[in-house]
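First up is the structure itself, then whatever we jot down about it.
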Amino acid sequence: MAPRYFWKGYLKLSLVTCPVALTPATTEAEKLRFHTLNARTGNRVQSRYVDSVTGKTVHEKDEARGYPRGEDEYVLIEDDEIDALALESTRTIDIEIFVPADSIGWIWYDKPHYLTPTDKVGEEAFSVIREAMAASGTVGISRLVMYRREYAVMLQPSGKGIILWTLRFGDELRDMPPEPDDKPDPAALRLVSRLIKERTSTWDPKMVADPVQARLLEIIADKKRGRKASAKKKAAEPADNVIDIMDALRKSLSAEKKGGK
């Protein structure tokens with residue numbers, strides 16, 4: 001089956017151009033979702049936009065975007081006015097600049113997408129750009145219209161492909177809280193290092209499984225069969241304070257050796 005792309009266009013570097021396509025690298029298709037019901041009737045509840053003054057339902061064709069300029073006053077912005085702001089980046093990823101790959105902190109990364117060439121002719125240009133970035137330790141910075149908004153994007157070489165990350169806008173990031181100025185106790189640092197070593201393992205995607213969703217699916221399955229869901233004992237709350245960190249660390253290491261947690 002041919003892959004389904006949610007965006008198709010061109011990757012451009014100076015005079016080099018190749019046709020490419022994007023697919024999201026993540027999905028929420030398996031995420032458990034619930035419908036909101038009327039508990040009395042068991043019927044679905046519908047959401048509607050209503051006029052805040054008249055209380056009447058607002059139909060989709062009558063919805064508009066408004067920017068507040070005062071109390072109950074708005075500047076109306078039409079969809080075509082927004083679309084006209086970024087026409088050049090709707091179908092072309094023009095790499096404007098390259099930066100060292102390690103110069104962009106993880107906090108700027110937003111959503112990952114797989115970028116791939118869509119024909120044999122463009123594969124050579126695509127692979128040359130990818131390999132040149134990998135060899136120079138750089139990533140490309142460009143702009144692209146997605147989700148009805150223009151984003152700054154980062155092109156990161158990955159194996160035989162390229163990961164395109166949308167980047168967060170500067171006004172989305174908050175200032176980091178003040179960093180503590182205390183220095184850790186060397187003896188405690190050695191014990192924590194031992195504890196880390198005891199718990200170090202190889203990465204496995206199962207480490208980020210969702211136990212809550214798994215339990216919810218069990219409850220749903222039980223209810224489908226007409227069974228009452230069994231209640232699980234609530235986990236004990238951790239202590240609010242640690243009286244002696246060295247004593248706690250020694251006990252932790254002792255538990256690790258005995259196969260405990």
How many residues of region 169-197 are open to solvent by 90 Å² or more (accessible area, probe 1.4 Å) and under 21 Å from residue 105 (Cα atoms)? The answer is 9
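If you check residue 29 against the conditions, is it open to solvent by less than 100 Å² (accessible area, probe 1.4 Å) and at pLDDT below 85?
yes
Here's a check for you: in region 92-121, which residue that is within 20 Å of residue 12 (Cβ to Cβ) and exposed (fewer than 12 other Cβ atoms within 10 Å of the Cβ) is modelled with the lowest pLDDT?
Kept after step one, since they are within 20 Å of residue 12 (Cβ to Cβ), are these residues of region 92-121: 92-99, 113-121.
Remaining after also requiring exposed (fewer than 12 other Cβ atoms within 10 Å of the Cβ): 97, 119-121.
Working: 97: 94, 119: 88, 120: 87, 121: 83.
The extreme case among them is 121.
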Within region 165-174, is there a residue that is outside the structural domain of residue 26 (by the TED database), more than 20 Å from the chain's Cα centre (by Cα) and without any contact (Cβ under 8 Å) to a residue 40 or more places away in the chain? no
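Residue-by-condition table, conditions (1) at pLDDT 90 or above; (2) of a type in the set (Ser, Thr, Tyr); (3) not assigned by the TED database to the domain that holds residue 131:
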| site | (1), (2), (3) |
| --- | --- |
| 11 | yes, no, no |
| 15 | no, no, no |
| 22 | yes, no, no |
| 36 | yes, yes, yes |
| 40 | yes, no, yes |
| 59 | yes, no, yes |
| 74 | yes, yes, yes |
| 77 | no, no, yes |
Got a sec? Which of 61, 12 is open to solvent by less than 90 Å² (accessible area, probe 1.4 Å) and among the charged types (D, E, K, R)? 12
Taking residue 38 as meeting all but one of (1) under 30 Å from residue 219 (Cα atoms); (2) open to solvent by 80 Å² or more (accessible area, probe 1.4 Å), write down the number of the exception. (2)
Note on residue 124: of the conditions (1) at pLDDT below 95; (2) open to solvent by 70 Å² or more (accessible area, probe 1.4 Å); (3) under 24 Å from residue 4 (Cα atoms); (4) part of a strand (DSSP E or B), unmet is (4)
The conditions are (1) touching a His at 6+ places or on another chain (Cβ under 9 Å); (2) farther than 20 Å from residue 19 by Cα, and residue 146 fails exactly one of them. Which is it? (2)
Filter region 199-230 down to the residues that are open to solvent by 100 Å² or more (accessible area, probe 1.4 Å) and part of a loop (DSSP other than H, G, I, E, B), then identify the one that is modelled with the highest pLDDT. 202
Give the residue, chosen from 139, 128, that is assigned by the TED database to the domain that holds residue 92, closer than 13 Å to residue 109 by Cβ and in contact with a strand residue (DSSP E or B) (Cβ under 9 Å, 6 or more places away or on another chain). 139
Tell me, yes or no, whether region 179-197 has at least one residue that is at pLDDT 85 or above, closer than 30 Å to residue 129 by Cα and assigned to a helix (DSSP H, G or I). no
If you scan region 34-81, which residues turn out to be assigned to a strand (DSSP E or B) and in contact with a Leu (Cβ under 9 Å, 6 or more places away or on another chain)? 44, 65, 66, 67
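The values are calculated or read from the model by the stated rules, or taken from the named source; none is laboratory data. The structure presented is a predicted model; accordingly, all values stated were derived computationally and were not measured. When we count neighbours, we look across all protein chains shown, and the Cβ atoms used for this are built from the backbone with ideal geometry, even at glycine. In case anyone asks, the SASA skips ligands and DNA or RNA and just uses the protein heavy atoms, side chains included. Shrake-Rupley method; radii C 1.70, N 1.55, O 1.52, S 1.80 Å.
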